[in-house]
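Structure first, then comments.
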Amino acid sequence: MTFTAEGAAAEGAGDAAATRAGDAAGRRGALPRLLDLSPGEMSELCASLGEKPYRGRQLAAWIFRKGAGSFSEMTDVSLKCRSLLARNALIGPDMAKEAEDASPDGAVKTLWRLPDGLKTESVLIPDGERYTLCVSSQAGCAVGCLFCRTGAMGFKRNLTQGEILLQALAARRGAPGGAPVTNLVFMGMGEPFHNLHNVRRALGILNDPEFMAFPRRQTTISTIGVTPALAGLTASDLKTSLAVSLNSPFQEERDRLMPGARAYPLDGLREAVRLLPMRKGRRITLAYVLLGGLNDTPAHADALARWAGGLRVKINLIPFNPWPGSAFSKPPDGAVESFRERLTARNLTALTRKSYGREVSAACGQLAGQSESPGGIAGRRD
Ligand code: SF4
């Protein structure tokens, strides 16, 4: 899926000299991209072009609610205005699906090529008759978790508002069988709190009932626990669900497994979670990736239970999904179950989450990681 503006064709038409075409491309590259703007900023843009500001709301509805990919689709906007917009703005980032792969369990993973050639990814995860969409907030990630393929890639850059939204727009448009995509999780590539500005802006559109209308309770931000950011969250922020990725209750081991989380020690993280201004009945999720023979022992379960005791949390246990070259293995089913039972015996809510899309490498970062290796799937195109 690539968003285009008709103006590009007009400017590049005919047999213009290469330099003129290059200049035109340069000028177009500098134009505002509507997917990166808020509805208010679209109104300001319209006003600056001599159009009525209400056009901004119209544009936002076409792009964010109806998923318009070109100005020609905006049939209730006058031709004159569409032509003016096509000369002065682009719809979205030039971001294309580089590969898409479906797993027998129904997960569909998309590898995106960003305008600068970097890669990111999104995954549709089936849940009965509907889908949950897992989106990325960055290309690569600075945290460097040893069990995560994205971590091995290192940090490339933050995604823009438009690059985040485009993953959701494409999923809504292309879910298998036209099934509804009702839930949204920021659990793809990246640490969302390291790109908080753009994640917040994207959430403003994703959760707005007038635009993408993902209910806030059905939207989850997953973080390693960036404690200064947690301390700044308000009760209103926490209408959106929050998941904190723990992965070890032992400081030294967690520092080793999640090098980028060293700045946020477990004691301070526990205090930040305890002080979250959550409304009655709300809980946050602790995510715990179980690595076979490493952090799946009874001693880990007991220490995790002590860490989580007294907090308003539930625990999601995620058996590791091995990827080629990873140093870790999947825990035996028996170990997963006895780990969970040790937690529930201490009055904690603990659930085992299925690892979807094993066949298409649907753990975070695995698809983009594969595209950089010979024999990956990047050569396949839609
Ligand atoms: Fe980053 Fe998440 Fe991967 Fe850790 S698990 S490296 S935080 S994307």
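Readers should treat all values here as calculations from the given coordinates under stated rules, not as data from a laboratory. Everything quoted here is computed from the prediction, not taken from an experiment. Heads up, the Cβs are rebuilt from the backbone with ideal geometry, glycines too, and the neighbour counts pull from every protein chain shown.
Rounded to the nearest 5, what is the percent of antiparallel bridges among the DSSP beta bridges in the chain?
Working: 20 of 45 bridges.
Counting DSSP beta bridges with both partners in the chain, the antiparallel share is about 45 percent.
Dipole of the range 96-376 (Lys/Arg Cβ +1, Asp/Glu Cβ -1, origin at the Cα centre): which of Phe211, Ala287, Pro192 lies farthest to the positive side? The residue sitting farthest along the positive end of the dipole is Phe211. Taking the C-alpha atoms only, the angle from helix 298-308 to the longest principal axis of the chain is near 60 degrees.
When each of the peptides 210-216, 234-240, 81-87 is scored by how many other beta carbons lie within 10 Å of its residues on average, the order from highest to lowest is 81-87, 210-216, 234-240.
Starting from the 7 Å offset along Cα-to-Cβ, what nm value, one decimal, do you get for the label separation of Arg65 and Glu210? Distance between label points: 0.8 nm. Here the relative contact order of the range 96-376, from alpha carbon pairs under 8 Å that lie six or more residues apart, stands at 19 percent.
Reported to the nearest whole Å, the Cα centre-to-centre distance from the range 71-101 to the range 147-199 is 22. Just list whichever of Lys119/Lys330; Lys97/Lys119; Lys119/Lys354 have alpha carbons separated by over 18 Å in the model shown. Cα-Cα > 18 Å for Lys119/Lys330; Lys119/Lys354; rest within. Spacing of the modelled spin labels on Glu44 and Arg282, each 7 Å from Cα toward Cβ, amounts to 2.9 nm.
Go through 271-279, 200-208 and give me the packing order, highest mean Cβ count within 10 Å leading.
Values: 271-279: 14.7, 200-208: 20.4.
Top of the packing list down: 200-208, 271-279.
So if we plug the beta-carbon distance of Leu79 and Tyr54 into 1/(1 + (r/R0)^6) with R0 = 25 Å, what FRET efficiency do we get, rounded to 0.05? Between Leu79 and Tyr54 the formula returns 0.90.
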